[in-house]
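The values are calculated or read from the model by the stated rules, or taken from the named source; none is laboratory data. Bear in mind the structure is a predicted one, so any value in this text is a computation, not a measurement. Neighbour counts run over all protein chains shown; Cβ positions are idealised from the backbone, glycine included.
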Amino acid sequence: MLQSDDPTQHEPCEACCDNIVKHEVVCEVCYKTPYQAAVFQPFASCYKCNLVRYCSDTCKKALDTVHSQGDCETLRLLHATERTQIDYHIARKKPASLNRFACPSPQPRRSYVPLSRYTGFDHFHRELSREISGWADMTVMYRLAADSFQTFHPMAVQAIGQMSTEAESIPFTVIAGLEASIQDIAKRRALEIHVVAASSRELSTRGMTEEILHHFTALRELTIHYMGPETAVPGAPSSPNLACDSCKARGATRRWALHAMEYHCFLAANPGRRPDFIVGLNTGCSEVATASWAPTLDAICALEVPALFTAYSEREARMEADLLRHRARGVDFVVEVQENKWKGVIPIVNKGIKLAQGMLALYSSNYWYIFRGRR
């Protein structure tokens with residue numbers, strides 16, 4: 001549901017504001033709630049997306065002036081994705097064998113192909129499907145996943161495609177960053193990546209890092225360290241070799257470790273450890289806890305290794321880049337702030353985004369940049 005805080009539209013009383021927060025039901029055209037009508041009555045919904053509301057026939061006629069076809073399609077798919085996610089998680093609690101939709105490709109690439117050759121997820125999926133199955137149609141796999149649990153949403157197949165692609169966003173963003181900043185990455189035999197400010201999104205998609213092994217065919221040793229207060233207990237042991245059977249057969253290993261501490265504290269406790277690449281996804285370092293970020297950014301710059309950071313919006317990414325220029329005068333930008341081709345695909349929608357930035361939705365890792373510190 002989209003709302004407005006525009007004071008020119010109406011002057012809600014305190015009780016009205018309380019109802020807005022609790023019920024999240026607002027007319028998309030006039031911004032009224034059901035409690036502002038002379039007689040209370042539920043609002044009708046857009047028959048396509050079933051999310052946007054209108055209060056009267058008059059507002060229904062004007063709905064298309066504030067609710068475009070593109071916005072409606074975005075919300076419609078978002079609704080399908082959320083409903084399918086709920087059905088999937090309900091099914092997982094029952095004793096059943098379910099195909100996971102958030103899993104890496106089944107085998108390593110036959111040969112190394114730079115990610116930059118693909119125009120985006122659709123192009124990559126067509127080529128991957130052709131290589132694995134002989135036909136360029138990923139919807140076959142999405143339909144198999146949809147058939148493995150009970151869901152009644154008519155767009156369940158498209159929703160699973162969204163969920164699967166969203167899980168791919170992190171490893172593909174990392175792969176693109178590696179290719180953009182490490183000249184001999186295609187020949188590297190070992191790689192250590194440090195993920196700073198890791199939270200649930202990074203941790204829940206740890207298995208997808210198998211894609212890094214699958215993509216770089218020469219790579220034999222992949223180690224990833226996750227740092228952040230939300231990560232785990234301090235000193236958590238490293239994982240065993242989690243590489244897939246095909247990668248193990250060619251002598252490859254994939255391990256990760258969790259560290260419940262800020263990155264500069266981790267480096268101080270492990271002075272001899274030096275990563276090949278650093279990743280910070282949607283950190284918000286220019287807006288949230290900026291003081292606590294200062295020693296971490298200084299430590300990253302002192303390492304003089306490439307660091308990939310992402311943000312939800314271009315404005316946020318540019319604020320972070322300006323912060324880095326101000327803190328570290330010797331910082332080099334390997335990739336300037338730009339839109340990320342491998343950003344998340346599930347929209348993040350709320351009234352604040354619509355009001356503040358004029359956009360219906362933002363996406364995870366929407367913009368990215370890569371910098372390297374200099375002494």
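What to note about this one:
- Hits in segment 31-46 - residues which are surrounded by fewer than 17 Cβ atoms within 10 Å (Cβ to Cβ) and in a loop (DSSP other than H, G, I, E, B): ALA37, ALA38, VAL39, PHE40, GLN41, PRO42
- Members of segment 237-276 found to be buried (at least 16 other Cβ atoms within 10 Å of the Cβ), assigned to a loop (DSSP other than H, G, I, E, B) and not hydrophobic (A, V, I, L, M, F, W, C), listed by number: GLU262, PRO275, ASP276
- The residues in segment 115-129 that are exposed (fewer than 13 other Cβ atoms within 10 Å of the Cβ) and either among the basic types (Lys, Arg) or within 18 Å of ALA218 (Cβ to Cβ) (or both) can be counted, and the count is 2.
- Filtering segment 326-338 to residues that are assigned to a helix (DSSP H, G or I) and over 22 Å from PRO275 (Cα atoms) leaves only HIS326.
- Of the residues making up segment 67-90, just one is surrounded by fewer than 17 Cβ atoms within 10 Å (Cβ to Cβ) and outside any helix (DSSP H, G or I), namely SER68.
- Residue list for segment 209-224, filter: within 28 Å of THR290 (Cβ to Cβ) and surrounded by fewer than 22 Cβ atoms within 10 Å (Cβ to Cβ): none
- Residues within segment 277-325 that are outside any helix (DSSP H, G or I), touching a residue at least 60 places away in the same chain (Cβ under 8 Å) and more than 18 Å from the chain's Cα centre (by Cα), tallied: 4
Okay, residues lined up against (1) crowded, with 20+ Cβ neighbours inside 10 Å; (2) in the same structural domain as ALA307 (by TED's automatic domain parsing); (3) in a helix (DSSP H, G or I):
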| residue | (1), (2), (3) |
| --- | --- |
| GLY161 | yes, no, yes |
| GLU179 | no, yes, yes |
| ALA186 | no, yes, yes |
| HIS194 | yes, yes, no |
| LEU203 | no, yes, yes |
| GLY207 | no, yes, yes |
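- Some residue of segment 219-230 being in contact (Cβ under 8 Å) with a residue 40 or more places away in the chain and in contact with a strand residue (DSSP E or B) (Cβ under 9 Å, 6 or more places away or on another chain): yes
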